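Just so it is clear, none of the values below were taken in a lab; they were calculated from the coordinates. On a predicted model such as this, the values are computed, not experimentally measured, just so you know. Backbone-built Cβ (ideal geometry, glycine too); neighbour counts: all protein chains shown.
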Amino acid sequence: MAFEEAAKKQRFQEAEREAKKRKREIAQAEKRIAELDRIFKRIYEDEISGAISHERFLKLSADYEAEQRELTEQVKIWREAVETFEQDQADFDSFAAIVRKYVGIRELMPTIVNEFVKKIIVHAPDKSSGHRRQKIELVWNFIGEADLPGDDQTVERQKSRTA
């Protein structure tokens, strides 16, 4: 549970705030896009009725259309960010289900490792001391790399000396 909470906090705390903010911005932008459609209809009617000149209509419509295009593009980008967050969260939930499945295991089996670990990266040894130090990075299934507290994945081996 501590592992799950630490990983979730690290990965999603800021992203969740950002996704909520983006959802609010999407709603505001969509409201403005709809408002621009209504405004455009009104200025078109004003141009037809002669209330505004054709030149004024062209300038106003160009400005409103540019704003609407910009907002539409921004909404698309924000939606993609929200969808990415939601997919990441779903992936994390899948990972957490695996963690809960194996709470209290007594023996580490290859199938268990395969469910948790996507990739293991073993770096070249650090030969600066009398010890061989190798840094090992784990890339987890569903959540990728995670720097968790107390997660020291350095393996240290004594050089074997024979007489």
Provide the per-residue ³J(HN,Hα) series for the stretch 45-55, in order, calculated from phi with Karplus coefficients 6.51, -1.76, 1.60 and θ = phi - 60°, each as a whole number of Hz, with x at glycine and proline positions. 5, 5, 5, 5, 7, x, 5, 10, 6, 5, 4
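Rounded to whole Å and sorted largest first, what semi-axes of the equivalent ellipsoid does the C-alpha gyration tensor of the stretch 43-129 yield via the square root of 5 times each eigenvalue?
Values: eigenvalues 756, 77, 10 Å².
Three semi-axes, in Å: 62, 20, 7.
Any chance you could run the full-extension gain for PHE40 through ILE52? It's 0.36 nm times the residue separation minus the Cα-Cα distance, nm to one decimal.
On the way: separation 12, 0.36 × 12 = 4.32 nm, distance 1.28 nm.
Between PHE40 and ILE52, full extension yields 3.0 nm more.
What are the trypsin sites (Lys or Arg not before Pro) within the stretch 90-127 that DSSP puts in a loop, where the Cβ has at most 14 other Cβ atoms within 10 Å? The partial results should precede the final answer.
On the way: sites: ARG100, LYS101, ARG106, LYS118, LYS119, LYS127; in loops: ARG106, LYS127.
Loop-located and lightly packed - ARG106, LYS127.
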The alpha-carbon center of the stretch 50-70 and that of the stretch 95-135 are separated, in whole Å, by 62 Å
Extending each Cα 7 Å along its Cβ direction at SER94 and ARG133, get the distance between those two points in nm, one decimal. 3.6 nm
